[in-house]
Amino acid sequence: MTMKLTRRLMLGAAMAMGLAGAASAAFPERQITLVIPFAAGGSTDVVGRIVAERMGKALGQQIVVQNVGGAGGSLGAQQVAKADADGYTILMGTVATHALNPLILKQKPYDPVADFAPVSLLVLVPNVLAVNPELPVNSVQELIDLAKKEDLSFASSGNGTPLHLSGALFNSMAGTEIAHIPYKGSGPALTDVLGNQVPIIFDNLPSASGHITSGKLKALGVTTKERAPSFPDVPAIAETLPGYETYSWNALFAPAGTPPEAIAALNKAALEAMADPEVAKRMGEFSATIVASSPDDLGKHVATEMAKWEPVVKAANVSLD
Amino acid sequence: MDLLNNLALGFSVASSLANMAFCLIGVILGTLIGVLPGIGATATIAMLLPITFQLEPVSSLIMLAGIYYGAQYGGSTTAILINMPGESSSAVTAIDGYQMARKGRAGTALATAAIGSFFAGTVATFLVAIFAPPLTTIALKFGAAEYFSLMVMGLVMSVALAHGSVLKALAMVVLGLLLGLVGTDIYTGAPRFTLGITQYADGLNFVALAVGVFGIAEILRNLEDEHDREVMTKNINRLFPTREELRQMVGPVLRGTAVGSVLGILPGGGAILASFASYTVEKKISKHPEEFGKGALAGVAGPESANNAGAQTSFIPLLTLGIPANPVMALMIGAMIIQGIVPGPNVVTEQPALFWGIIASMWIGNLMLVVLNLPLIGLWVKLLTVPYYILFPIIMAMCSIGVYSVASNTFDLYAVAFFGLLGYLMSKLRCEPAPLLLGFVLGPLLEENLRRAMILSRGDPTTFITRPISATLLLLTAAVLVLVFLPQIRKRRDEVFTESDA
Amino acid sequence: MSAKPKDRTDIATGLLLMAAAVFFGWQTMGLEIGTSLRMGPGYFPMVLSGLLFLLGLLVFLKAFGREDEPFGKVAWRGMAFILPAPVFFGLTVRGLGFVPALFLAALIAAQASTRLKPLHGLVLAVIVTIASTLIFSYGLGLPFRRFGPWLQF
């Protein structure tokens, strides 16, 4: 409590100083670039574009989206880490850029904590464990039992992605050895599970939801601690494997050293955007849970996530150069 | 009749004044941006995507689809006029289309491309409308083993792309395969051939490769001897094909449409094989295979039709499964989600107006393109009268923007320069770029599916012959192999007796 | 001996292909090869490198006993100015910004031809820059900074 208060006071002082220093230059005075570290059309891109549009309105300046895909999000994150710390270049960070990649990559292109100033944790997105309907299982427990008798494999959107690690965590907690089959992205992985080339998939709930409602995929469990509001009938994996929890998340980051008043303005705009009923509706359709946190809470969240994933990454023995 | 009702619904949606207007805008924007050298359909859509976000879902997708075909038309135009393909599909068109342009038949080549594309687009649209759901079922039967066998067939066919030495063509395919492997191994995450540059972790950019080995190499060839360069501009008074040429087009267009429609349905990369496969077929059954690579009409008509048919039928997995077959489709899925539509099998039943509206607009868009492009041919051909030394600084500027706009990766620009040098070196050494390009496209798919098939079969290599579709494809491959190499061997034997081959 | 016909172009091609194969093979060394049944990341590249070497060798051997074809002129000036243009654009587009980077890239490329007088090259580069900025930056709203941090004081 006192910490928060001191911080607020400091923030206020900094703001006053900033105002005194450049009375005419209220942030933002020109357009802001939001770097999305993945290709256009993916779930992070979609969240980013919806939020950017609404935040731009709140700030009175356009936010331009720039997709800098590559190396599992590392290239885009690296670009923002090295950008001018003026608040005009910000990053749509994810569980991949700010928890997994730093743990997995042998060469660290950036430091997720030291190189960034947190702005706001926007949304949490559940993942889902789903199977082709021809696989004769109807629950997580039945899947575990079958996996102990037969050789099974699961598809994911790629090596070292949150979905791969969701599967790895599942294996280590359930004591199963379901083989991992990586794909280049969620689309081809889904295709092969729909065609029953591979029986099991871990996928983002938004990308799989259409197939679950149509019955082409059987959802066994969501990876969040609680059931997802959009699929109340699908149990949480944690109901069978207590303590199991993974999810993807999207959060805004600025380069470290960005002036506090710019962070405050961005945070305020982000909160305003996430409070918009239209944005909330879109996020709901997307099965994403809105968090809209303070910068401090995002900082803590990153620390928690890294602590949580470290043993999983070690256990799954994933490392990339 | 369900189908008629559905189509009627579709046309009523697509022919509303607003949607027609958006389709037209999409088609025009797509053509204009796509015609810029080095900018293909993916770059065009990436640039124009934000424009569509403000629209109604149906209008937005209709416009995006329009941009997609427009960019493909535009890309073929640049491939024919200046040998600068912006996508893998137009790389095949560049082989004979550019040679036709050099011989003063640019108008004929462009008209052939437009007519072939329109016919293929029409047929494929009806295929999508009638057979989408059953075709999807077939597509889902393709697993890793089947895709591997399909890619092997594609590789064998690629040899037919060459008109010079078969040996060198094979070497180019293998070199292309190796270049295609640059990047992160998807199974272990190990970086391969990246020389420690993280910017190449996702592989080399296809546009950079195509622009380099085709376009820039061609610019350099033109700069070799400026006092003595051939003038491309003579003899272009005739823009439209003669009756005789139209007659020659019929066969290639029909065959190309069939090949493209079949391959386009497969979401795992069938469409990219379409134009290559069609070229092989045409060259194989032509009475004058020696004309291929030197400006054969069938070498433009077939692949262009196949390409457009494939582009159209690749909407099938997108619409019925909500699964993108290529990066452009992935962008469209993103657009759907932004518009609040959950892509998936339910789109057909829950959003019939959207589904059938898009299908109907495909045909309308193709019609608009042909109406738009035929008169433009005169203008494009005039472009060739612009002196080359004025054209190429413009080309270099556009290439730089186009390549950079795909992923804002400056290393892609360095790759353009490298591949320009490689392409020029290859042309000096009489090696052809098309097999290299096909190898580059197929390399990752080949390895990915081979290894996936082996993991899925638990290390049992018989999986390729025990799965019926895969076995059939391998048998076909063997047949193609015999067809391609038997005449070569026979010819070589004859040559041994007459004279050493030059 | 020199009277024996040989195709110098193909000799060079064969040697270069073999060199490329050696380069790729050497780069594969650090990768795990695995077995045919359980392929590692190095398996496929190793097989391909071997194949490329073999093909290069065949091209090389077949070059002997065959007439050479004229090699033609080499576009030294073209290479000296065309190839650096995209590289220069890449090096400066973030620092200088889109407009100056594009202008300089077009200006460099324009030097490749002896037929284009320097002044005309300059005019051409200005026109290309203005048109591209209008189309891509203003028209399509591509997220490039028009003038980069190196130009701001």
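Answer yes or no as to whether A:SER209 is closer than 14 Å to A:LEU129 by Cβ and facing chain B (nearest Cβ under 7 Å). It is true that A:SER209 is closer than 14 Å to A:LEU129 by Cβ and facing chain B (nearest Cβ under 7 Å). Check off (1) loosely packed, with under 14 Cβ neighbours inside 10 Å; (2) on the phi > 0 side of the Ramachandran plot for C:TYR138 and give me the number that stays unchecked. The number of the failed condition is (2).
Could you tell me which residue of the stretch A:91-126 is farthest from the chain's Cα centre (by Cα), considering only residues that are among the polar types (S, T, N, Q) and within 14 Å of chain B (Cβ to nearest Cβ)? Among those residues, the one meeting the criterion is A:GLN107.
B:ASN308 meets the conditions (1) in a helix (DSSP H, G or I); (2) open to solvent by 10 Å² or more (accessible area, probe 1.4 Å) in every case but one. The failed one is (2). Determine whether the stretch A:132-146 contains at least one residue that is within 16 Å of A:THR44 (Cβ to Cβ) and either open to solvent by 20 Å² or more (accessible area, probe 1.4 Å) or touching a strand residue (DSSP E or B) at 6+ places or on another chain (Cβ under 9 Å) (or both). No, every residue in the stretch A:132-146 fails to be within 16 Å of A:THR44 (Cβ to Cβ) and either open to solvent by 20 Å² or more (accessible area, probe 1.4 Å) or touching a strand residue (DSSP E or B) at 6+ places or on another chain (Cβ under 9 Å) (or both).
Out of all the residues in the stretch B:429-438, is one or more at the interface with another protein chain (Cβ under 7 Å from one of its Cβ atoms), modelled with pLDDT of 85 or more and part of a helix (DSSP H, G or I)? Can you show your working first?
Kept after step one, since they are at the interface with another protein chain (Cβ under 7 Å from one of its Cβ atoms), are these residues of the stretch B:429-438: B:429-431.
Filter once more, keeping what is modelled with pLDDT of 85 or more: B:429-431.
If we keep only those that are part of a helix (DSSP H, G or I) too, we end up with none.
The answer is no, given that none of the residues of the stretch B:429-438 is at the interface with another protein chain (Cβ under 7 Å from one of its Cβ atoms), modelled with pLDDT of 85 or more and part of a helix (DSSP H, G or I).
Give the number of residues within the stretch C:3-17 that are among the hydrophobic types (A, V, I, L, M, F, W, C), more than 9 Å from chain B (Cβ to nearest Cβ) and open to solvent by 70 Å² or more (accessible area, probe 1.4 Å). Full working, then the answer.
The initial filter retains those residues of the stretch C:3-17 that are among the hydrophobic types (A, V, I, L, M, F, W, C), namely C:3, C:11-12, C:15-17.
In the following step, the residues that additionally are more than 9 Å from chain B (Cβ to nearest Cβ) were identified as C:3, C:11, C:15.
Within this subset, residues satisfying the condition of being open to solvent by 70 Å² or more (accessible area, probe 1.4 Å) are C:3, C:15.
So the answer is 2.
Among the residues of the stretch C:29-48, those identified as in a helix (DSSP H, G or I) and either more than 25 Å from B:CYS431 (Cα to Cα) or within 7 Å of another protein chain (Cβ to nearest Cβ) (or both) are C:TYR43, C:PHE44, C:PRO45, C:LEU48. On the basis of being open to solvent by less than 10 Å² (accessible area, probe 1.4 Å), modelled with pLDDT under 90 and either more than 27 Å from B:PHE148 (Cβ to Cβ) or of a type in the set (Lys, Arg) (or both), does B:GLY264 make the cut? No. No other residue among B:MET398, B:MET362 is open to solvent by less than 20 Å² (accessible area, probe 1.4 Å) and in contact with a Ser or Thr (Cβ under 7 Å, 6 or more places away or on another chain) apart from B:MET362.
Among residues of the stretch A:242-259 being buried (at least 18 other Cβ atoms within 10 Å of the Cβ) and more than 19 Å from the chain's Cα centre (by Cα), the one that is nearest to A:ALA219 (Cα to Cα) is A:THR258. Of the residues making up the stretch A:159-177, at least one is at pLDDT below 90, within 12 Å of another protein chain (Cβ to nearest Cβ), under 25 Å from B:GLY183 (Cα atoms) and open to solvent by less than 10 Å² (accessible area, probe 1.4 Å). Mind listing just one residue for me: the one in the stretch C:88-111 that is open to solvent by 30 Å² or more (accessible area, probe 1.4 Å) and in a helix (DSSP H, G or I) and, of those, farthest from B:TYR389 (Cα to Cα)? Applying the filter and picking the extreme gives C:LEU91.
Within the stretch B:128-141, the set of residues being in a helix (DSSP H, G or I), open to solvent by 10 Å² or more (accessible area, probe 1.4 Å), of a type outside the set (Ser, Thr, Tyr) and within 21 Å of A:THR191 (Cα to Cα) comprises B:PHE131, B:PRO133, B:PRO134, B:LEU135, B:ILE138, B:LEU140.
Determine whether the stretch C:75-83 contains at least one residue that is surrounded by fewer than 18 Cβ atoms within 10 Å (Cβ to Cβ), within 27 Å of C:PRO149 (Cα to Cα) and either free of Cβ contacts under 8 Å to residues at least 40 places away in the same chain or within 9 Å of another protein chain (Cβ to nearest Cβ) (or both).
Within the stretch C:75-83, the first condition is being surrounded by fewer than 18 Cβ atoms within 10 Å (Cβ to Cβ), and the residues that meet it are C:76-77, C:80.
Subsequent filtering for residues that are within 27 Å of C:PRO149 (Cα to Cα) retains none.
No, that holds for no residue.
For the stretch A:180-195, a residue qualifies if it is modelled with pLDDT of 80 or more and within 7 Å of chain B (Cβ to nearest Cβ), and the qualifying residues are A:ILE181, A:PRO182, A:LYS184, A:PRO188, A:LEU190, A:THR191, A:ASP192, A:LEU194, A:GLY195.
Among the criteria (1) at the interface with chain B (Cβ under 7 Å from one of its Cβ atoms); (2) open to solvent by less than 20 Å² (accessible area, probe 1.4 Å), the one C:ALA20 does not fulfil is (2).
When every residue of the stretch B:345-365 is checked against the conditions, none turns out to be farther than 19 Å from B:GLY70 by Cα, more than 9 Å from chain A (Cβ to nearest Cβ) and hydroxyl-bearing (Ser, Thr, Tyr). Inside the stretch B:8-38, residues that are hydrophobic (A, V, I, L, M, F, W, C), more than 10 Å from every other protein chain (Cβ to nearest Cβ) and in contact with a Gly (Cβ under 9 Å, 6 or more places away or on another chain) make up a count of 11.
When the stretch C:112-153 is filtered for residues that are more than 9 Å from chain B (Cβ to nearest Cβ), in a loop (DSSP other than H, G, I, E, B) and either under 16 Å from C:PHE89 (Cβ atoms) or not charged (D, E, K, R) (or both), the ones remaining, listed by number, are C:ARG145, C:ARG146, C:PHE147, C:GLY148, C:GLN152, C:PHE153. If the condition is being in contact (Cβ under 8 Å) with a residue 60 or more places away in the chain and assigned to a helix (DSSP H, G or I), then the stretch B:377-393 contributes B:ILE377, B:GLY378, B:TRP380, B:VAL381, B:LEU383, B:TYR388, B:TYR389, B:LEU391, B:PHE392. For the structure I just gave you, tell me whether B:THR42 is under 28 Å from B:SER158 (Cβ atoms), within 14 Å of another protein chain (Cβ to nearest Cβ), in a helix (DSSP H, G or I) and touching a Pro at 6+ places or on another chain (Cβ under 7 Å). Criteria met by B:THR42. Of all residues in the stretch A:275-321, those satisfying the criterion of being open to solvent by less than 60 Å² (accessible area, probe 1.4 Å), among the hydrophobic types (A, V, I, L, M, F, W, C) and more than 16 Å from the chain's Cα centre (by Cα) are A:VAL279, A:ALA280, A:VAL312, A:VAL313, A:ALA316, A:VAL318, A:LEU320.
Determine which member of the set B:LEU177, B:LEU81, B:LEU110, B:LEU170 is assigned to a helix (DSSP H, G or I), touching a residue at least 24 places away in the same chain (Cβ under 8 Å) and open to solvent by 20 Å² or more (accessible area, probe 1.4 Å).
On the way: B:LEU177 fails: open to solvent by 20 Å² or more (accessible area, probe 1.4 Å); B:LEU81 fails: open to solvent by 20 Å² or more (accessible area, probe 1.4 Å); B:LEU110 fails: open to solvent by 20 Å² or more (accessible area, probe 1.4 Å).
Going through B:LEU177, B:LEU81, B:LEU110, B:LEU170 in turn, just one is assigned to a helix (DSSP H, G or I), touching a residue at least 24 places away in the same chain (Cβ under 8 Å) and open to solvent by 20 Å² or more (accessible area, probe 1.4 Å): B:LEU170.
Scanning the stretch A:105-125 for residues that are aliphatic (A, V, I, L, M) and surrounded by fewer than 24 Cβ atoms within 10 Å (Cβ to Cβ) gives A:LEU105, A:VAL113, A:ALA114, A:ALA117, A:VAL123, A:LEU124. A residue that is within 13 Å of another protein chain (Cβ to nearest Cβ), open to solvent by 40 Å² or more (accessible area, probe 1.4 Å), of a type outside the set (A, V, I, L, M) and without any contact (Cβ under 8 Å) to a residue 60 or more places away in the chain occurs somewhere in the stretch A:219-239.
The values are calculated or read from the model by the stated rules, or taken from the named source; none is laboratory data. Values in this document were obtained by computation on a predicted structure and should not be read as measured data. Glycine gets a Cβ as well: all are built from the backbone with ideal geometry, and neighbour counts include every protein chain shown. Areas reflect the complete protein model, heavy atoms only, side chains present, ligands, DNA and RNA absent. Shrake-Rupley method; radii C 1.70, N 1.55, O 1.52, S 1.80 Å.
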